[in-house]
Amino acid sequence: MTELSPFMLRDEVEAIHPVHDRARQRAEAAGLFPRRIKLALHKPGWRRSEVMTWQADPHAWAQQSVSAA
């Protein structure tokens, strides 16, 4: 059994959300996609739990994100 990291790197996120990085940044800023976090210099990551919740239902995730802010 392999343990998954609690973070996803760009390659994994691009497989789920295949858009240009700038478009993903705009979606993050608008609350339509989970925000990236800085794992290291020039190495963004996303919380796996947030991305998986977004993937299950993007519209509900965005509504929850907007109402929490």
Rounded accessible area per residue of the chain, 1.4 Å, Å²: 73
Trypsin sites (Lys or Arg not before Pro) within the stretch 23-63, DSSP loop, no more than 14 other Cβ atoms inside 10 Å: ARG35
Sparse-neighbour loop sites [GluC sites (Glu not before Pro); the chain; at most 10 other C-beta within 10 Å; DSSP]: GLU3
Shape of the stretch 1-57, Cα gyration tensor, a/c cut at 1.5: oblate
R0 of 30 Å, Cβ-Cβ distance HIS59-GLN25: FRET efficiency to nearest 0.05: 0.90
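The values are calculated or read from the model by the stated rules, or taken from the named source; none is laboratory data. Note that the structure is a prediction, hence the values are computed from the model and not measured. Glycine also receives a Cβ, built like all others from the backbone with ideal geometry; neighbour counts cover every protein chain displayed. Just the protein is used for accessible areas: all its heavy atoms, side chains included, with ligands, DNA and RNA removed. Shrake-Rupley method; radii C 1.70, N 1.55, O 1.52, S 1.80 Å.
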